[in-house]
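Asks: What follows is a structure written as structure tokens; I'll ask about it next.
The values are calculated or read from the model by the stated rules, or taken from the named source; none is laboratory data. Since the structure is predicted, the reported quantities are computational estimates derived from the model, not experimental observations. Methodologically, a virtual Cβ is constructed for each residue, glycine included, from the backbone with ideal geometry; neighbour enumeration extends over all protein chains shown.
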Amino acid sequence: MNILVIGNGAREHAIVYKLAQSPQCEKIYCAKGNAGTSDLATNVDISPLDFKAIVEFCKQNSVEFVV
């Protein structure tokens, strides 16, 4: 399952950390992300408020779950 986590704080880092431990998780993306999330996920330069860009990114990358 491909997952997108939206945000760039410590809370999002903790979410990415736990998701990365799941065998069901194939790829994690984080918009905007931070230095800590970049170790576990692919940070993408999309504003959390740019809903059209988020939807387009999810379609292009087969994202099935958004947090």
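Asks: Pairs, please: C-beta under 9 Å, at least 6 apart or cross-chain, first residue more than 21 Å from ASP50 (Cα to Cα) and at pLDDT 95 or above and in the range 1-16, second of a type in the set (Phe, Trp, Tyr) and surrounded by fewer than 22 Cβ atoms within 10 Å (Cβ to Cβ)?
Replies: MET1/PHE65
Asks: Considering only the range 12-67, state which residues are within 13 Å of the chain's Cα centre (by Cα), farther than 15 Å from ASN2 by Cα, outside any loop (DSSP other than H, G, I, E, B) and not β-branched (Val, Ile, Thr).
Replies: GLU12, HIS13, ALA14, LYS32, SER38, ASP39, listed by residue number.
Asks: Residue check: is ALA35 at negative phi and buried (at least 16 other Cβ atoms within 10 Å of the Cβ)?
Replies: Details: at negative phi: yes; buried (at least 16 other Cβ atoms within 10 Å of the Cβ): no.
No: the conditions fail for ALA35.
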